Amino acid sequence: MTELELEEEKKEIVRRYRRLLRHAKPYLKGDDAKRIKKAFNMSVDAHKNMRRRSGEPYIFHPLAVAQICVSEIGLGTTSIISALLHDVVEDTELEIEDIERNFGTKVAKIIDGLTKISGVFDQGTSLQAENFRKMLLTLSEDVRVILVKLADRLHNMRTLDSMPRNKQIKIASETIYLYAPLAHRLGLYAIKSELEDLYLKYAEPDVFNMIVEKIRSTKAARGRFIRNFINPIQTEMRKRKFRFEVKGRPKSIFSIWNKMQKQDIPFEKVYDLFAIRIIVDTSMEEEKAVCWQVYSIVTDFYQPNPDRLRDWISTPKSNGYESLHTTVMSRTGTWVEVQIRTRRMDEIAEKGYAAHWKYKGSTATSHESGLEMWIGKVRELLEKNEQSALEFVDDFKSNLFAEEIFVFTPKGELRKLPAKATALDFAFEIHTEVGAKCIGAKVNQRLVPINYKLKTGDQIEILTSNKQKPNEDWLNFVVTSKARSRIKDYLKEQKKVAASEGKEIVKRKLNQVKLDLNNETVEKLLGYFKYKSTLDLYYSVGKGIIDPKEIKKIKEWRPVKNKKAPISDARTFKKEITELTGRESDMLLIGEDMDVVDYTLAKCCNPIPGDDVFGFVTTHEGIKIHRVNCPNAIELLSKHSHRVVKAKWTSQSEISFLTGLRIKGTDRVGVINDVTRVISNELKVNIRSIVTETVGGIFEGEIQLFVQDTKHLDTLIKKLEQLDGMEKVSRFDPA
Ligand code: MN
């Protein structure tokens, strides 16, 4: 780098710092600005010789994270300082004590929390989950740890371009698996949507670019439609002297893609590409009345769909979201979603938790308690939890995204539960003891079983009996993590009782053949009965699943020696491949490593050459090759990343791969003939099966065929699409 370039860089750092201060200004008081400056100087100094992978000076990153905290989450001085210093303890010479001495315990605690969770997913599975649990524990201490962490993750996702492909996929998967749901749960809608869009950008670049392009090319027409639609509403609102703003924004790329996937439709058929948002300025006291007045104006012009009215003003979502949603019929015959809310509600919807603080104390509003309640629940779950960390992450995650229902106690108290919650979930929500003894419920005076699915508005009275006990089957229909973990705790307790009885039996039986219960005999028992844990073994003895007489047989039994330790994770894979092929590599070359490494193509996604793939080390079946966009990929990549090996196709392979095509079009004479002609004319394509069906002049078909690679498949799809009457050709994975 030249002197001049370095000079330019320094100026740029100062420029970015000044921008940060400018945005933070409204939040600053006392000596805040001085403290921020001190943190900035400390960070610049600590990171001075470091650069990011992109080549930029490292300080750009903490500056950007602080900037996100201020302008996108609305956080203040403590968070800005923490963001500026968030990487110093982990990456530089500075210690947490240095932070504490200079900035006090609050900042030190936050940075300590951030440092601990920095590698949530970098180590082994259980450790990752354990770290995630720790991260949530800090949530109950100081939610700012999670907020700064989300800002950090957002900036890393925004700058993911400079990472190698396998890292991109791993980071993107973690993001969609945990961070986006977490942002959603904390009410940070803008950040949640951006994280999802960025995930798609890296996981499925083709799809992402296609949707971006289509949104762009339909922009003018959409703008015209929106202007015509809102025109009469605006005129009327102005006449009545409302102060307001109207926005017509397209939905996020990820949510459009989700719709296309779920309903199996092309972009053009997604009708609710955008929502109209009316934001009114009004005082806190008049909020509700004003929103309903606007609703009345909107529905004077357009007929509403009575099934699509959502009133999140009277009952806010528990992440704090408040708004009035209605879907109305436009004059061109399409449904349009209209969201009505006040300036305050809009700010909370965009910025979430931090914005709540700003309005705290203005009046006693219920949305606040909703979020506080959730944090309280997380805390409770963490403190009294005996599940393994991994189980916990799964349970917790399934609760993050769930839609909610609102139900009532016999006294008319409102309770929020995730959708699909049952009477038993409600019982556990009331009290652990009530849940454990629940035998049924009265819902709206009617007697129902414990697995009855609750609906919004239900009033529930729980029926209990002292004879009732939780059982395994209950886990099949409860959905709240509270109920799940309580039932599991109970079952585990029961298991321990049975196991300790089993252990006594084992001791007695061993004694009869003059053996002691020690490490050696335990190993033998596990090997003989093929069990992985002693708890399971003793339990099976205690429950009579294992015949106690069998135990004595281990005196004569000798285990067969294992020939070779199987590949168990990415690291052993690397060693193994170097030994076998003599080359230094951590990449599986599909085709070339065919005979040396035991691998198969995953049945869930049927990869073919050309697909973006990775290898996953399974416990029993060697390495499985999955497509990056396999439905199971996100979970595998984010939760078990230490078992993921990089994989790439080698080009020379002459093998064929099974894949499937779905075709749809208008029926005419000879169409099947044409389809088979196109396929068999294509070099080296073999049809395995073809099934078609014609209903009301439309034919649909599924063809299973063997192709060489994606390029080959694409050519074929193009040719089929050109056939007369063909409407749609798409790929599917034959199970
Ligand atoms: Mn960072």
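The values are calculated or read from the model by the stated rules, or taken from the named source; none is laboratory data. Fair warning: this is a prediction, and the values are worked out from it, not measured in the lab. No Cβ is skipped: glycine too gets one built from the backbone with ideal geometry, and neighbour counts run over all protein chains shown. These area figures cover heavy atoms from the full protein model, side chains too; ligands, DNA and RNA do not enter into them. Shrake-Rupley method; radii C 1.70, N 1.55, O 1.52, S 1.80 Å.
Inspect the range 38-49 for any residue being among the polar types (S, T, N, Q), over 22 Å from R158 (Cβ atoms) and surrounded by fewer than 16 Cβ atoms within 10 Å (Cβ to Cβ) and give the result as yes or no. It would help to see each step written out before you state the result.
Of the residues in the range 38-49, the ones among the polar types (S, T, N, Q) are 41, 43, 49.
If we keep only those that are over 22 Å from R158 (Cβ atoms) too, we end up with 41, 49.
Filter once more, keeping what is surrounded by fewer than 16 Cβ atoms within 10 Å (Cβ to Cβ): 41, 49.
Yes, there is a match, as at least one residue in the range 38-49 is among the polar types (S, T, N, Q), over 22 Å from R158 (Cβ atoms) and surrounded by fewer than 16 Cβ atoms within 10 Å (Cβ to Cβ).
Going by the structure shown, is S689 open to solvent by 60 Å² or more (accessible area, probe 1.4 Å) and at pLDDT below 85? If you could, list the steps in order and put the result at the bottom.
Working: open to solvent by 60 Å² or more (accessible area, probe 1.4 Å): no; at pLDDT below 85: yes.
In short, no.
Give the residue that is farthest from I545 (Cα to Cα), with candidates limited to residues of the range 512-522 that are without any contact (Cβ under 8 Å) to a residue 24 or more places away in the chain and surrounded by 13 or more Cβ atoms within 10 Å (Cβ to Cβ).
Result: L517.
For the range 690-701, check the following and say yes or no: at least one residue is over 18 Å from S656 (Cα atoms) and touching a residue at least 40 places away in the same chain (Cβ under 8 Å). Write out each step before concluding.
As a first pass, look at the range 690-701 and keep what is over 18 Å from S656 (Cα atoms): 691-701.
So of that shortlist, the ones also touching a residue at least 40 places away in the same chain (Cβ under 8 Å) come out as none.
No, that holds for no residue.
Hey, any hits in the range 5-13 for a residue that's within 16 Å of the ligand (Cβ to nearest atom) and either surrounded by 14 or more Cβ atoms within 10 Å (Cβ to Cβ) or part of a helix (DSSP H, G or I) (or both)? Walk me through it before giving the result.
Within the range 5-13, the first condition is being within 16 Å of the ligand (Cβ to nearest atom), and the residues that meet it are none.
There is no residue in the range 5-13 that is within 16 Å of the ligand (Cβ to nearest atom) and either surrounded by 14 or more Cβ atoms within 10 Å (Cβ to Cβ) or part of a helix (DSSP H, G or I) (or both).
Quick check, is G660 crowded, with 20+ Cβ neighbours inside 10 Å and touching a residue at least 40 places away in the same chain (Cβ under 8 Å)?
Numbers: crowded, with 20+ Cβ neighbours inside 10 Å: no; touching a residue at least 40 places away in the same chain (Cβ under 8 Å): yes.
Against the criterion (crowded, with 20+ Cβ neighbours inside 10 Å and touching a residue at least 40 places away in the same chain (Cβ under 8 Å)), G660 does not qualify.
Having 2 or more residues that are within 16 Å of the ligand (Cβ to nearest atom) and modelled with pLDDT of 85 or more is the bar; report the helices (runs of 4 or more DSSP H) wholly within the range 104-202 that clear it.
Details: elements: 125-141, 144-158, 165-174, 180-185.
Fully inside the range 104-202 and qualifying: 144-158.
With the requirement that a residue be surrounded by 15 or more Cβ atoms within 10 Å (Cβ to Cβ), over 32 Å from the mean Cα position of the chain (by Cα) and in contact (Cβ under 8 Å) with a residue 40 or more places away in the chain, what does the range 410-446 give you?
none
Within the range 14-86, considering only helices (runs of 4 or more DSSP H) that don't extend past its boundaries, which have at least 3 residues that are assigned by TED's automatic domain parsing to the domain that holds K106 and more than 16 Å from the ligand (Cβ to nearest atom)? Steps first, answer last, please.
Values: elements: 32-46, 60-71, 77-84.
Here the list reads 32-46.
What about R677, is it in a strand (DSSP E or B) and at pLDDT below 85? Spell out how you get there, then give the answer.
On the way: in a strand (DSSP E or B): no; at pLDDT below 85: yes.
Criteria not met by R677.
Show the residue pairs meeting these rules: Cβ distance below 8 Å; 6+ apart or different chains; first residue within the range 286-299 and in the same structural domain as R238 (by TED's automatic domain parsing); second residue in a helix (DSSP H, G or I) and surrounded by fewer than 19 Cβ atoms within 10 Å (Cβ to Cβ).
I297/E236
Taking the range 255-305 as the search range and keeping residues that are exposed (fewer than 14 other Cβ atoms within 10 Å of the Cβ) and of a type in the set (D, E, K, R), which one is nearest to H184 (Cα to Cα)?
Among them, the one singled out is K262.
Which ones in the range 224-268 are among the small types (G, A, S) and either free of Cβ contacts under 8 Å to residues at least 24 places away in the same chain or part of a loop (DSSP other than H, G, I, E, B) (or both)? Reasoning before the result, please.
Here is the first cut: in the range 224-268, the ones among the small types (G, A, S) are 248, 252, 255.
Within the range 224-268, just S252 meets the criteria.
Determine the pairs where a residue that is at pLDDT below 95, located within the range 33-49, has a partner that is of a type in the set (S, T, N, Q) with Cβ atoms under 6 Å apart, the partner being 6 or more residues away or on another chain.
The qualifying pairs are A46/T92.
Looking at (1) among the polar types (S, T, N, Q); (2) out of contact with any strand residue (DSSP E or B) (no Cβ under 6 Å at 6 or more places or on another chain); (3) part of a loop (DSSP other than H, G, I, E, B), which is the only condition S540 fails?
S540 satisfies every listed condition except (3).
Only one of (1) in contact with a helix residue (DSSP H, G or I) (Cβ under 7 Å, 6 or more places away or on another chain); (2) away from the ligand (no atom under 16 Å from the Cβ) fails for V89. Which number is that?
Among (1) in contact with a helix residue (DSSP H, G or I) (Cβ under 7 Å, 6 or more places away or on another chain); (2) away from the ligand (no atom under 16 Å from the Cβ), the lone unmet condition for V89 is (2).
Going through the range 535-579 one residue at a time, which ones are at pLDDT below 85, surrounded by 17 or more Cβ atoms within 10 Å (Cβ to Cβ) and farther than 30 Å from N166 by Cβ?
Result: I554, single match.
Of the residues in the range 685-714, how many are assigned to a loop (DSSP other than H, G, I, E, B) and at negative phi? It would help to see each step written out before you state the result.
If we filter the range 685-714 for residues that are assigned to a loop (DSSP other than H, G, I, E, B), which is where we start, we get 685, 696-697, 708-709.
Then drop every residue that is not at negative phi, which leaves 685, 708-709.
Final tally of qualifying residues: 3.
Do you know which of the residues in the range 607-628 that are buried (at least 18 other Cβ atoms within 10 Å of the Cβ) and out of contact with any Lys or Arg (no Cβ under 8 Å at 6 or more places or on another chain) is farthest from Q704 (Cα to Cα)?
I623
For the list (1) small (G, A, S); (2) open to solvent by less than 10 Å² (accessible area, probe 1.4 Å); (3) within 27 Å of the chain's Cα centre (by Cα), I need the number of the one condition that A64 fails.
So the condition that A64 fails would be (2).
Condition check: open to solvent by 50 Å² or more (accessible area, probe 1.4 Å), in a strand (DSSP E or B) and more than 30 Å from E700 (Cα to Cα). Does K646 satisfy that?
On the way: open to solvent by 50 Å² or more (accessible area, probe 1.4 Å): yes; in a strand (DSSP E or B): yes; more than 30 Å from E700 (Cα to Cα): yes.
It is true that K646 is open to solvent by 50 Å² or more (accessible area, probe 1.4 Å), in a strand (DSSP E or B) and more than 30 Å from E700 (Cα to Cα).
Condition check: open to solvent by 50 Å² or more (accessible area, probe 1.4 Å), away from the ligand (no atom under 16 Å from the Cβ), in contact with an Asp or Glu (Cβ under 8 Å, 6 or more places away or on another chain) and at negative phi. Does R243 satisfy that?
Values: open to solvent by 50 Å² or more (accessible area, probe 1.4 Å): yes; away from the ligand (no atom under 16 Å from the Cβ): yes; in contact with an Asp or Glu (Cβ under 8 Å, 6 or more places away or on another chain): yes; at negative phi: yes.
It is true that R243 is open to solvent by 50 Å² or more (accessible area, probe 1.4 Å), away from the ligand (no atom under 16 Å from the Cβ), in contact with an Asp or Glu (Cβ under 8 Å, 6 or more places away or on another chain) and at negative phi.
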